[in-house]
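One structure below.
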Amino acid sequence: MSTDSSKIQPIRFFHRGKIVDVTGVHPTRSVLDWLREDARCTGTKEGCNEGDCGACTVVIGELAADPQAPGTVDGLSLQTVNACIQFLPTLHGKALFTVEDLKAQAQCQAKAQNADTGHHGKHPVHTLHPVQQAMVDCHGSQCGFCTPGFVMSLWASYEHHQAEGTQPTRQQLADDLSGNLCRCTGYRPILDAGQRMFDLPSVRLDTRPVVAALTALQNDGLDLNYAAPLGARIDHFHAPKTLAQLAALREQKPRAQLLAGSTDVGLWVNKQFRDLGDIIYVGDVAELKSIEDRPDNGGELYIGAGASLESAFAALVQRVPSLAEVWLRFASPPIRHVGTMGGNVANGSPIGDSPPVLMSLDAQIELRRGDVVRRMPLPEFYLDYMKNQLQPGEFVQGLAVPHAAMKRQVRAYKISKRFDCDISALCAGFAIELEAGSDTVKAVRLAFGGMAATVKRAANAEAALVGKPWTQASVATARLALAQDFKPLSDMRASADYRLLVAQNLIQRLWLETRAEDALAIEETSVWSVMPHAVNAAAEGA
């Protein structure tokens with residue numbers, strides 16, 4: 001892909017009813033800063049500036065590749081994202097919706113209703129969107145700073161359910177809002193508003209002009225080669241469209257920063273003030289988002305490195321339902337919508353939640369440099385803290401999970417101070433298989449994050465179980481062996497002693513849930529499984 005300045009293109013996306021062309025901004029300018037400072041759309045707020053609080057929540061629309069896919073509304077895929085950590089060039093070819101659009105929608109419909117009813121005088125139909133009106137009716141806003149973010153998350157839920165002809169449960173609303181924090185009003189009135197909005201006269205997004213605009217952009221070609229000066233230097237933002245283009249560009253520019261969902265890289269800019277230089281964005285490579293069952297190697301689930309965390313975990317949970325809780329508790333919807341499983345694995349963080357799950361499933365990682373593709377077991381990919389096997393010019397192309405591994409008894413446990421949107425103190429991915437017709441352990445995988453410099457399997461604890469009967473005595477031996485596998489550190493999330501004790505207890509929990517006699521259901525071993533229902537019951541009775 002050429003970096004010739006004569007081929008530099010503007011960033012083009014749909015906003016406020018039209019296609020806008022943006023030039024002159026640096027490639028790492030955030031969507032939030034552009035909205036507030038350039039577009040003067042100040043409804044979207046800056047809170048944490050790191051993707052945690054949700055005050056900056058906006059909705060991104062794309063042409064739907066699959067009309068039946070979750071999150072699709074009349075030809076558009078609508079997903080909440082955090083504007084503070086999304087770089088503006090990632091909007092190229094997409095649509096951006098903010099709280100200002102809700103007002104415009106309501107005004108447009110109110111104008112039509114006024115014309116139909118002859119209300120041209122002093123008492124026109126109100127111009128608040130049902131989401132906003134419900135927040136007013138239910139006293140869901142106090143200081144109001146967080147309210148636009150809540151409104152946009154509720155609007156996405158509103159559009160999705162209206163398109164499907166359904167209404168969300170209170171728990172579904174709570175899950176949709178798990179990336180939005182409120183410090184003063186509390187969540188009961190906001191959840192009330194989420195239910196109330198469906199009782200008000202409907203106001204729907206007219207997707208036709210949006211689809212037409214995005215189709216026109218697509219027909220014009222979406223390969224973005226954008227650049228802007230940073231002092232005396234010009235930084236480029238490349239957005240290849242095909243896997244072959246990505247491979248060639250990565251080989252040509254091995255030092256360029258790869259960018260996927262920006263859920264980590266965005267913080268490097270906002271919090272660490274890093275200078276990224278040239279950027280290669282992988283978010284427009286459709287092949288990299290592939291999720292499919294393949295017959296290779298006895299059958300495998302292949303997850304492209306560009307597949308979102310939401311899509312990747314949905315595919316895993318479809319095949320391994322016991323992973324549902326760790327999916328629900330992985331960050332928040334705005335993060336999962338843009339963050340990728342490949343990026344989470346490549347990042348190499350010792351507290352990443354995907355690697356323990358994938359290691360328990362014997363996943364392999366697929367790497368590519370130019371036309372050369374190689375695979376290795378995921379545990380071999382990590383060398384030390386934030387060090388891995390990637391060679392210059394190489395990138396993560398995908399992840400492969402054997403079908404056979406998903407037939408084992410699989411569990412994933414996330415330990416954190418909050419249920420929603422919290423960093424793990426430790427995360428465990430376990431899988432166990434017994435010999436047919438006996439209680440002897442045929443295979444076991446015990447993988448932990450947060451226990452060492454990298455995510456890793458507990459080799460000694462596994463060895464203490466393989467070939468032994470799956471009994472309380474064997475579990476006790478494995479618990480002791482775990483102390484040989486890990487020497488965890490103490491930090492602000494947990495002490496070393498706590499981490500080791502909890503890790504040992506999780507092996508006990510695995511046994512309680514999978515023992516041959518009187519095995520406990522998952523909900524019987526988790527306090528979280530009953531707390532939401534108790535909270536909802538209390539809220540509804542308040």
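The values are calculated or read from the model by the stated rules, or taken from the named source; none is laboratory data. These numbers were taken from a predicted model, which means no experiment stands behind them. In this analysis, Cβ positions are derived from the backbone assuming ideal geometry, glycine residues included, and neighbour counts consider all displayed protein chains.
With Ala69, Ala65 as the choices, which residue is part of a loop (DSSP other than H, G, I, E, B) and without any contact (Cβ under 8 Å) to a residue 24 or more places away in the chain?
Exactly one residue qualifies, and that residue is Ala69.
For Glu325, only one of the following conditions fails: (1) under 17 Å from the mean Cα position of the chain (by Cα); (2) buried (at least 23 other Cβ atoms within 10 Å of the Cβ). What is its number?
Here Glu325 meets the rest and fails (2).
If you take the residues of the range 369-391 that are under 25 Å from Asp278 (Cα atoms) and either touching a Lys or Arg at 6+ places or on another chain (Cβ under 8 Å) or of a type in the set (Asp, Glu) (or both), which of them is surrounded by the most Cβ atoms within 10 Å (Cβ to Cβ)?
Result: Arg369.
Taking the range 120-140 on its own, how many of its residues are under 29 Å from Ser77 (Cβ atoms) and either at pLDDT below 95 or part of a helix (DSSP H, G or I) (or both)?
Total satisfying the criteria: 8.
Please count how many residues of the range 269-310 are under 30 Å from Gln218 (Cα atoms) and of a type in the set (S, T, N, Q).
2
Which residue out of Ala69, Ala83 is in the same structural domain as Pro240 (by TED's automatic domain parsing) and in contact with a strand residue (DSSP E or B) (Cβ under 6 Å, 6 or more places away or on another chain)?
Checking each option against the conditions leaves just Ala83.
Are any residues in the range 345-358 surrounded by fewer than 24 Cβ atoms within 10 Å (Cβ to Cβ) and part of a helix (DSSP H, G or I), and if so, which ones?
Selection gives Ala346, Asn347.
So the check is Cβ under 7 Å with 6+ separation or different chains; which pairs have a first residue in the range 505-518 that's more than 15 Å from Ala478 (Cα to Cα) and assigned by TED's automatic domain parsing to the domain that holds Arg408 and a second one that's surrounded by fewer than 19 Cβ atoms within 10 Å (Cβ to Cβ) and β-branched (Val, Ile, Thr)?
Cβ pairs passing all conditions: Glu513/Ile522; Glu513/Thr525.
Which residue out of Lys417, Lys442 is more than 15 Å from Arg509 (Cβ to Cβ), assigned by TED's automatic domain parsing to the domain that holds Pro356 and not in a strand (DSSP E or B)?
Lys417
Can you confirm whether the range 143-164 contains a residue that is of a type in the set (D, E, K, R), touching a helix residue (DSSP H, G or I) at 6+ places or on another chain (Cβ under 6 Å) and either crowded, with 23+ Cβ neighbours inside 10 Å or more than 28 Å from Pro10 (Cβ to Cβ) (or both)?
no
Is at least one residue of the range 62-69 farther than 30 Å from Ile423 by Cβ, at pLDDT below 95 and more than 23 Å from the chain's Cα centre (by Cα)?
Looking for residues that are farther than 30 Å from Ile423 by Cβ, at pLDDT below 95 and more than 23 Å from the chain's Cα centre (by Cα), one finds none in the range 62-69, hence no.
When you go through (1) over 30 Å from Arg250 (Cβ atoms); (2) touching a residue at least 40 places away in the same chain (Cβ under 8 Å); (3) in contact with a helix residue (DSSP H, G or I) (Cβ under 6 Å, 6 or more places away or on another chain) one by one for Asp439, which number turns out not to apply?
Result: Asp439 passes all but (3).
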